[in-house]
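If you scroll down you'll find the structure; I have some questions about it.
Bear in mind that the values in this text are calculations on the coordinates, not laboratory data. Small disclaimer: the values here were computed from a predicted structure and weren't measured. Quick reminder, even Gly has a Cβ in these numbers, built from the backbone with ideal geometry, and neighbours come from all protein chains shown.
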Amino acid sequence: DDGSVDATGDGQHQGGLYAVGTHRITYHASDGCGNTATCSFLFTIEDCKKPTVFCQPVTVGIMQTGAIQIWASDFDAGSFDNCTSVANLELSFSSDKNDKLKTYTCNDIGLQNVEMWVTDEAGNQDFCQTTITIQDNMNTCGTQDSLVVHVGGLIANWENESVENVMVEVSNGNAVMQYTDQSGTYEFSNIPMGYDYTITPSLNEDHRNGVTTYDLVLLNRHILGVQKLDSPYKLIAADVNHSGTITVADMVDMRKLILFVANEFPSNTSWRFVAADYVFPDPANPFATDFPEVMNINDLDHDMMTGDFVAVKIGDLNGTAQTYTFEEDAEDRGADETLTFYAENKSFSAGETFRVPFTSDKIGEVLGYQFTLNFDTDRLELADILPGEKTTFDNFGQSLLDEGILTTSWINAEGQSPGPSANGLLFTLVFRAKADGKLKDALWLNSLRTPAEACHSTMKKMEVSLAFRDEQGTVVAPEPFILYQNIPNPFKDETVIGFNLPEATTVTLKIFDLNGKVIRTQNVEGRKGYNAISIKQSELKDWNSGVLFYQLETPEQVASRKMTLMK
């Protein structure tokens, strides 16, 4: 609001880029008779975004004076801000931006936790946690090689697969921590001798990792006595609600997670840990006594590199959870069959309400299934769900209906396959049409949220697909290679790119800006039929808004479309 003009234009909205500060916008209006009017108001642009903070560990040696001074900036690993230049960022050890310098002495020998705070010119702050290792390389403090030792170990699941990113704390009142690497190992150096310590591992993220309806089948068969879980670690994984018992209540929490009704277990962490050298008195009942989830060391007087733990992913009863970055998918359990659902390819008109029964002629062979149903919200609205003979409302997740997503998970409650005489009608969906169309163009089965899979009575994994029949009961020929328009479009936070493949194959999705620069590439193992890839705004690097192009490639074909990202 200094009298200069930043922009002019016609219309009700004046977009553009404006500097931080107060601006005045003036509207001039006129009618066909020559009457005019003017009004103005002020608006303020503020920098409300926290800096992006990156920090790194530091190792230093005590000087001959018995101390050393370290600047907060020594821990910086490339922090930056959207408005403030790097040179003008304030780095400190606390929210007090003047707390820039810290002195370490002989009392600090070993590994210490550190916070590095970054403050921008607008006062926005954020911080990261790292460590500093204080060494006595010149033996100034008399600790060289005599008063400090190493503490470490391995964290792996019951199949001896290493578990990455487990936070491990070593504490004797003051805790130091680090994360396991891809090999599942951790190691603390320069731990002072002569004290008692506790080693505590923890990991509480991605509760859904490794949890599917297959695990529900295993849990149900255990509860019914059809097939007991054969390991104390599997039993711990089955105690989803942390009650010390295994009941139907655990199944309820698992199903809610699978259906995206819940995003975490309400009474448990995603992983629990058991000291690897612990022998269960009763392996068939690991809850009979408290098992050690930490490791205590009394009067540490030598290197201790046997701090090993068995990691248990809660809800994962068959060991399929991903345990480290870039791990390949768990070995397939023989997915050589497909459970196909059938629906009539109805033609519908705007305003019409109609029913869509879902049937399968193989339901008598399966113990359970799960999948995601997507419907085009521009053409359809889900009005009701009518469960079948063996399904209930609890088999459906309705938390994502606004996005056109319905999830489902079902198991045979008896723990055995229903048999060949089972009724093929599973459930019926009632839709209300918003526009004219055909069902096969507005409804898709995929793995966008709940992965599409089934469990055969032989305990082998099955693929799941959806096929449409015409009014005479003939299966409609599958669509050829098609790349659909993303939904929604324009989008702000997340959008879904759908495509159809005539055969299963590897596909590559590329997203370009208007200059042809690739800003994201993603390889996907596509299934025959409809597939979908979810794209989040956060995955598009620093691209905030505007028109983008996306291209889908197979070994034989390629197709492109355009989409719009809004602020």
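Can you list the GluC sites (Glu not before Pro) in region 154-204 that are in a DSSP coil and have 15 or fewer other beta carbons within 10 angstrom?
On the way: sites: Glu159, Glu161, Glu164, Glu169, Glu187; in loops: Glu159, Glu161, Glu164.
Passing both the DSSP loop test and the Cβ count: Glu159.
Rounded, prolate or oblate for the chain? Axes are the square roots of the Cα gyration tensor eigenvalues, ordered a ≥ b ≥ c, and the cut-off for rounded is a/c under 1.5.
On the way: a/c = 2.55, a/b = 1.15, b/c = 2.22.
Oblate is the answer for the chain, as a/c is 1.5 or above yet b/c matches or exceeds a/b.
Hey, another quick one. Which whole-Hz ³J(HN,Hα) couplings does region 545-554 yield from phi under the Karplus relation 6.51 cos²θ - 1.76 cosθ + 1.60, θ = phi - 60°, glycine and proline marked x?
6, x, 8, 10, 10, 10, 10, 10, 10, 10
Cross-link partners among lysines for Lys97, C-alpha distance below 25 Å, same-chain residues fewer than 8 apart left out?
By straight Cα distance, Lys97 reaches Lys49, Lys50.
Relative contact order for region 338-469 using alpha-carbon pairs under 8 Å, separation at least 6, rounded to a whole percent?
44
Among His28, Ala275, Gly123, which residue has its Cα furthest toward the positive end of the charge dipole of the chain, with +1 on Lys/Arg Cβ and -1 on Asp/Glu Cβ?
Farthest along the dipole direction, towards plus: His28.
Related question: Determine which residues of region 282-296 fall in the zone a paramagnetic label at Val252 would reach in this model, i.e. backbone nitrogen under 13 Å from the point 7 Å along Cα→Cβ.
Output list for this probe position: empty.
What percent antiparallel are the DSSP beta bridges of the chain, to the nearest 5? Present the calculation step by step, with values, prior to reporting the outcome.
Details: 124 of 140 bridges.
Restricted to the chain, the bridges split so that about 90 percent are antiparallel.
Among the aspartates and glutamates, which have Cα under 14 Å from the Cα of Lys102 when same-chain residues fewer than 8 positions away are ignored?
Candidates past the 8-residue exclusion: Asp74, Glu115.
Given the peptides 525-538, 383-396, arrange them by the average over their residues of other C-beta atoms within 10 Å, most packed first. Working shown, then result.
Working: 525-538: 17.0, 383-396: 15.2.
Top of the packing list down: 525-538, 383-396.
For Cys128, what charge total do you get from the other residues with a beta carbon under 11 Å from its beta carbon, if Lys and Arg give +1 and Asp and Glu give -1?
Working: positive: none; negative: Asp76, Glu115, Asp126.
Overall, the nearby charge balance is -3.
Here is a follow-up. Using modelled amide H (1.01 Å from N, peptide plane; none on Pro or chain starts), what sits under 5 Å from the amide H of Asp303, excluding residues fewer than 5 places away?
Here His150 satisfy the definition.
To continue, here is another question. If we count every other residue with Cβ under 10 angstrom of Asn209's Cβ, Lys/Arg +1 and Asp/Glu -1, where does the sum land? Walk me through the numbers on the way to the answer.
Details: positive: Arg208, Lys313; negative: Glu205, Asp206, Asp316.
Combined, the nearby Lys, Arg, Asp and Glu give -1.
Below 8 Å, C-alpha to C-alpha, sequence gap of six or more: please give me the relative contact order for the chain in percent. Could the numbers behind the result be given before it?
Working: 1296 pairs, mean separation 54.2, N = 567.
Contact order relative to length: 10 percent.
Here's a follow-up. So if each residue of separation counts as 0.36 nm, and I subtract the Cα-Cα distance between Asn137 and Ala559, what length gain in nm does that give? Before the final figure, lay out the partial values.
Details: separation 422, 0.36 × 422 = 151.92 nm, distance 6.20 nm.
Computed gain between Asn137 and Ala559 is 145.7 nm.
To continue, here is another question. How large is the dipole of region 369-489 about the Cα centre if only Lys and Arg carry +1 and Asp and Glu carry -1, each at its Cβ, rounded to the nearest 20 debye? Numbers along the way, then the final one.
Working: 10 positive and 16 negative charges, 51 e Å.
The dipole magnitude comes to about 240 debye.
Give me the aspartates and glutamates in straight-line cross-link reach of Lys434: C-alpha distance below 18 Å, same-chain residues under 8 apart excluded.
The reachable aspartates and glutamates, counting only those whose Cα sits under 18 Å from Lys434, are Glu352, Asp376, Asp378, Glu381, Asp384, Asp402, Glu403.
Still on this structure, please answer the following. Just going by the charge dipole of region 213-313, with Lys and Arg at +1 and Asp and Glu at -1 on Cβ, which of Ile297, His222, Val312 is farthest out on the positive end?
His222
Among all cysteines in the chain, which have no other cysteine Cβ under 4.7 Å from their own Cβ?
Taking the Cβ cut-off of 4.7 Å, the unpaired cysteines of the chain are Cys33, Cys39, Cys48, Cys83, Cys455.
Next question, about the same structure. Could you give the size of the charge dipole of region 58-135 about its Cα centre, using +1 on the Cβ of each K and R and -1 on the Cβ of each D and E, expressed in debye and rounded to the nearest 20?
On the way: 3 positive and 11 negative charges, 65 e Å.
The dipole of region 58-135 has a size of about 320 debye.
Take every Cα pair under 8 Å in region 457-558 that's 6+ residues apart, average their separations, divide by the length, and report that relative contact order as a whole percent.
Numbers: 164 pairs, mean separation 25.6, N = 102.
Relative contact order here is 25 percent.
Work out, step by step, the length gained on full extension between Asn523 and Val20: first 0.36 nm times the residue separation, then minus their alpha carbon distance; give nm to one decimal. Write out the running numbers ahead of the final one.
Numbers: separation 503, 0.36 × 503 = 181.08 nm, distance 4.03 nm.
Here the answer is 177.1 nm.
Sorted by average packing, counted as other Cβ atoms within 10 angstrom per residue and highest first, what order do 174-186, 107-119, 33-45 take?
Values: 174-186: 17.1, 107-119: 19.8, 33-45: 9.0.
With the highest mean Cβ count within 10 Å placed first, the list reads 107-119, 174-186, 33-45.
For the pair Thr105 and Leu386, how long in nm is the line joining their label points, each one 7 Å along Cα→Cβ?
Placing both labels 7 Å along Cα→Cβ, they lie 8.1 nm apart.
For the chain, what is the charge dipole size about the Cα centre, in debye to the nearest 20, if Lys and Arg each add +1 at the Cβ and Asp and Glu each add -1 at the Cβ?
Details: 39 positive and 80 negative charges, 371 e Å.
That gives the chain a dipole magnitude of about 1780 debye.
Mind checking which of Thr180, His242, Phe54 is farthest towards the positive end of the chain's charge dipole, using Cβ charges of +1 (Lys, Arg) and -1 (Asp, Glu) about the Cα centre?
Selected residue: His242.
Something else: In whole Hz, with x marking every Gly and Pro, tabulate ³J(HN,Hα) for region 425-430 from phi via Karplus 6.51 cos²θ - 1.76 cosθ + 1.60, θ = phi - 60°.
7, 8, 6, 10, 9, 10
Now for a different question. Grab the Cα-Cα distance for Val261 and Ser457, subtract it from 0.36 nm times how many residues apart they are, and report the gain in nm with one decimal.
67.8 nm
Which value in deg cm²/dmol, rounded to the nearest 500, describes the helix-derived mean residue ellipticity at 222 nm for the chain, given -39,500 (n - 2.57) per DSSP H run of n ≥ 4 and division by the residue count?
Result for the chain, helices only: -1500 deg cm²/dmol.
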